[in-house]
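Q: The structure under discussion is supplied below as structure tokens; questions concerning it will follow.
The values are calculated or read from the model by the stated rules, or taken from the named source; none is laboratory data. It should be emphasised that the depicted structure is a prediction, and the values quoted were computed from it without experimental measurement. As a convention, Cβ positions derive from the backbone with ideal geometry for all residues, glycine included, and neighbour counts pool all protein chains shown. Accessible surface areas use protein heavy atoms only, side chains included; no ligands, DNA or RNA. Shrake-Rupley method; radii C 1.70, N 1.55, O 1.52, S 1.80 Å.
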Amino acid sequence: MPSIFISRPLAPNSPFYTLPPQWQGNGSSLLVFKPVAVDTIPEVDWLFFYSKRGVEYLLRQASPPSGMRLACLGLSAANALREAGYEPTFVGDGKPANTAEQWRSAAKDSRVAFVQARHSRASVQHLLGEAVVAFPLIVYDNAIRENIDIAPANSLIFTSPLNFQAYIQQYKLAPEQRIIGIGKTTAVTFSAASVKEYRIAKTPSEAGLLECLLAWEQESPSE
């Protein structure tokens, strides 16, 4: 019987609930999140959000000043801003390299606060390099959970490098398990851990992950 683990809780409208009934699924983050106190937002031209969680943790503590432009890596952060009553000026496609390239001309020579987790890879900031004056704005801490208990699964789906690192600290990967992830940084983490075969979703979303999973399943229907 096919089974999956995905490293995030699944919302009621998750596309993974469209899988046939014979699939067994488990969604749970392997990380714990804690707020980091923010006294003030730096005097910058732009606030850049990597994630929905970054939006939530910042807005619990501070409000962007009127006139400050807002940018997002992808739709998840953008939708969180809109739900809070803010309209982002720029929204990327969720892929750091594409987002940095698309946003470069608008952000060039600006002062940018990158809203992020303590262990963020700061991908867009690094890709832009000296094109902007960067101010890391850490609004939450993300650490590996203790006492992780996960049922065995045929397919393991990781939504971040740190979630993957949390998993392999507790469990050994089996050769027959399918490993799927989001983004180039997760792919680098897979390779560093000597994962021989893995797939990366074409789009950084649950729909993209599900498409990747089903495509891999169709390649090996007899397994």
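Q: Residues with amide H under 5 Å of Phe135's amide H, sequence separation 5 or more or different chain, H placed in the peptide plane at 1.01 Å from N; which?
A: Answer set, sorted by chain and number: Val112, Ala113, Phe114.
Q: Nearest-5 percent of antiparallel DSSP beta bridges in the range 1-155?
A: On the way: 5 of 27 bridges.
Close to 20 percent.
Q: For every helix of n ≥ 4 consecutive DSSP H residues, a contribution of -39,500 (n - 2.57) applies; sum these over the chain, divide by its total residues, and give [θ] at 222 nm rounded to the nearest 500 deg cm²/dmol.
A: Details: 7 runs with 69 residues, N = 223.
That comes out to -9000 deg cm²/dmol.
Q: Please compute the net charge surrounding Gly74, taking Lys and Arg as +1 and Asp and Glu as -1 over other residues with Cβ under 11 Å from its Cβ.
A: Values: positive: Lys52, Lys95; negative: Asp93.
Charge balance near Gly74 sits at +1.
Q: Another question, if that's okay. Along the charge dipole of the chain, Cβ charges K/R +1 and D/E -1, which of Ala151, Phe135, Leu70 sits furthest on the positive end?
A: Result: Phe135.
Q: Sticking with this structure for a sec: Only residues of the range 70-95 count here: report those whose backbone N is under 15 Å from the spot 7 Å along Cα→Cβ of Ser110, or say none.
A: 70-74, 78, 87-93
Q: List the residues, sorted by chain then number, that are 5 or more residues from Arg178 or on another chain and whose placed amide H is less than 5 Å from its amide H.
A: Hits under the 5 Å cutoff: Ser155, Leu156.
Q: Using the Karplus curve 6.51 cos²θ - 1.76 cosθ + 1.60 with θ = phi - 60°, work out ³J(HN,Hα) for each residue of the range 96-102 in order, rounded to whole Hz, and write x for Gly and Pro.
A: Whole-Hz 3J(HN,Hα) from phi for the range 96-102: x, 5, 5, 4, 4, 5, 5.
Q: Can you give the accessible area per residue of the range 40-143, in Å², using a 1.4 Å probe? List each step's numbers first, then the result.
A: Numbers: 5050 Å² over 104 residues.
On a per-residue basis, 49 Å².
Q: Over the Cα atoms of the range 11-50, how large are the radius of gyration and the largest Cα-Cα distance (Dmax), in Å?
A: Every Cα atom of the range 11-50 included, Rg and Dmax give 18.6, 54 Å.
Q: Taking the chain as the reference, fit the longest principal axis to its C-alpha atoms, fit the long axis of helix 206-219 to the helix C-alpha atoms, and give the angle between the two in degrees, 0 to 90, nearest 10.
A: The helix 206-219 is inclined about 30 degrees to the chain.
Q: Can you send over the carbon and sulfur percentage of the accessible area for the range 8-132, probe radius 1.4 Å, protein chains only?
A: Values: 3170 of 6700 Å².
Using a 1.4 Å probe with all protein chains present, the range 8-132 comes out at 47 percent carbon and sulfur.
Q: Efficiency by 1/(1 + (r/R0)^6): what FRET value for Glu87 and Thr18, r their Cβ-Cβ distance, R0 = 30 Å, to the nearest 0.05?
A: 0.45
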